[in-house]
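Working notes, structure below.
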Amino acid sequence: MSIFSDLFKYYIHEKNIKVMSLAHYCNLERSTVYKFINGKREPMSMELVEQIARFIQLTPPETYKFKEAWKMARMGENTYYIRKSMERFLSDFPNKSTPASYSAPLQENMSGTPSTTPNCLLLNSRQAVDSSVRRILLSEASKKDGRISLFLQPDYPFLLHLLSTIQPAGTLQIDHIFSLNRTAQFTEAHELYELYYLRNLFPIYMNKLDYRIHCFYTNEISHFKNLSALPYMILTSEYAITCSSDYQMGILYQDSEILQALWNLFRSHQDLCQPVFQTFPIVADDLPSLFQFVANTRASADVSIFIQPEACILPFLRRDLLEEIFNYNIPGADAVISMADTLFIDNMQRIKDEKFIIYFTEYGMTRFLQDGLFEEIPSTFYHPLTVKQRIRILHEITQCCQNGTYRILKKPLNHLSENLRMALCGNTCSLTYQTNAGEHMCFAITEPFILQIFQDFLTDMDSDVYYTPDEAVAIIDRMIRQLEAK
């Protein structure tokens, strides 16, 4: 039996379906349908599942549930939930924003601040923990050279939101230790922990803090959730909080000897950790470094796969077009344009060799169609494309849609964040994005387990989440007619 067969059997009985009539409608043997119902076989294709749903007259929500149950039965629960976690990560990726910020003046004078507390204070509620966390972090952020260290899983929404909006008065270094699982484990909502963590942490990166992650491997569930009393720790230069993994209780310390002992404990764990992410800015005076990074990652890649809101424009910036739109005012312009031309030629060759696959959205093309801008590189490097130049690019994209190297996404990925550009090249998965301040950053994932998740998802994308080549060509042709009408 499987979740699909159980659901199939339920619908058969609930809606009083005659198996013989269903088999005849679907051009199947009756024995085959009974094998579906008893879990001995699964339907061979999504088209057959949809055909069965039509005969049973399932409602749209029931049809969706029926199709998802079939996918789960076909690929296994773990694989299914990992793929769903990836879809959620991509769909919920944060856009650049200007949220209200938490900041503290250098001399904050509030009643009940940690400075008025004894050397050791019991925090006997979630509210007490949250309040103390907020006050000690804002106090540290008000210093000229602040430092915060976290020893906890990225599952504390209050703390993570605070870090994603905090505005330091000076420099603020944040070191964060947490564990990764050796095998796939899921939250109660069936989200893979690693992607859940990464989704929670990205707003901190968007806030452009000096934020450094250090990881180690363990069985996260048993290590933090079972017998550990106060496994989590938050340290600043003046205070420390140890708390339970559900943040319902903790202890606030400001004794200097205790604080030093906890800092020593943190550093001893930090020495055993390893970096799993690399971040670096994309700036005008260091564009060659970006090209070199791309070249290095491509060298180990048999196939390069990208997913982003708009189609990748770079392969079609041939030398003549590149020279027309390039901003020659940036440092080392001639060298940069030569390196860019080499990279774009390599991109086009990879497309011809079918080693370059782009997933993008119809909605994401809006800015390119309207303004001639594309987000893959900062707009300071080029001038907006004219309508004629945009049409030229779209004709090239049409050919790539026809041969299947450019693919337009459908639900649930048809409205990707405007701030998400992901590239899988060999042993590196990189994401480029803008911080809330508008700075362009590159975020590279090299951790093997997380990298494998991204690789599996992108190299084996479900065909029902993107349009067929003919459908994609029709969409681009409609865009061309839209521009020609201007």
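Would you point out the residue of the stretch 138-178, among those that are assigned to a strand (DSSP E or B) and of a type in the set (S, T, N, Q), that is modelled with the lowest pLDDT? Break it down stepwise before answering.
Initial filter on the stretch 138-178 (assigned to a strand (DSSP E or B)): 145-151, 166, 171-178.
If we keep only those that are of a type in the set (S, T, N, Q) as well, we get 149, 171, 173.
On the way: Ser149: 98, Thr171: 93, Gln173: 96.
The selected residue is Thr171.
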Checked pairs for the stretch 53-67, first within 19 Å of Ser5 (Cβ to Cβ), second basic (Lys, Arg), C-beta under 6 Å and 6 or more apart or across chains, list as Ile56/Lys15
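When you look at Thr297, is it closer than 19 Å to Leu431 by Cα and modelled with pLDDT of 85 or more, yes or no? Spell out how you get there, then give the answer.
Working: closer than 19 Å to Leu431 by Cα: yes; modelled with pLDDT of 85 or more: no.
Against the criterion (closer than 19 Å to Leu431 by Cα and modelled with pLDDT of 85 or more), Thr297 does not qualify.
Test of understanding: among Ile351, Ile408, Ile357, which residue is part of a helix (DSSP H, G or I), buried (at least 18 other Cβ atoms within 10 Å of the Cβ), among the hydrophobic types (A, V, I, L, M, F, W, C) and touching a residue at least 40 places away in the same chain (Cβ under 8 Å)? Give the steps one after another, and end with the answer.
Details: Ile408 fails: part of a helix (DSSP H, G or I); Ile357 fails: part of a helix (DSSP H, G or I).
Unique residue meeting the criteria: Ile351.
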Restricting the first residue to the stretch 175-195 and requiring it to be within 15 Å of Pro154 (Cβ to Cβ) and free of Cβ contacts under 8 Å to residues at least 12 places away in the same chain, which pairs with a second residue that is aromatic (Phe, Trp, Tyr) and not in a strand (DSSP E or B) meet a Cβ separation below 7 Å and a spacing of at least six or different chains?
-> Thr187/Tyr193; Thr187/Tyr196
Only one of Leu424, Leu394 that is over 14 Å from the mean Cα position of the chain (by Cα), of a type outside the set (Phe, Trp, Tyr) and either at pLDDT 95 or above or not in a helix (DSSP H, G or I) (or both) | Leu394
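When residues of the stretch 453-474 are filtered for being over 14 Å from the mean Cα position of the chain (by Cα) and in a helix (DSSP H, G or I), how many remain? Reasoning before the result, please.
Of all residues in the stretch 453-474, those over 14 Å from the mean Cα position of the chain (by Cα) come to 456, 459-474.
With in a helix (DSSP H, G or I) added as a condition, the list becomes 456, 459, 463-465, 469-474.
Residues that pass the stated criteria total 11.
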Which members of the stretch 314-325 meet the condition of being of a type in the set (A, V, I, L, M) and surrounded by fewer than 23 Cβ atoms within 10 Å (Cβ to Cβ)?
-> Leu314, Leu321, Leu322, Ile325
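The values are calculated or read from the model by the stated rules, or taken from the named source; none is laboratory data. For clarity, every value in this text was computed on a predicted model and none was experimentally measured. Note that each Cβ is placed from the backbone with ideal geometry, even for glycine, and that neighbours are counted across all protein chains shown.
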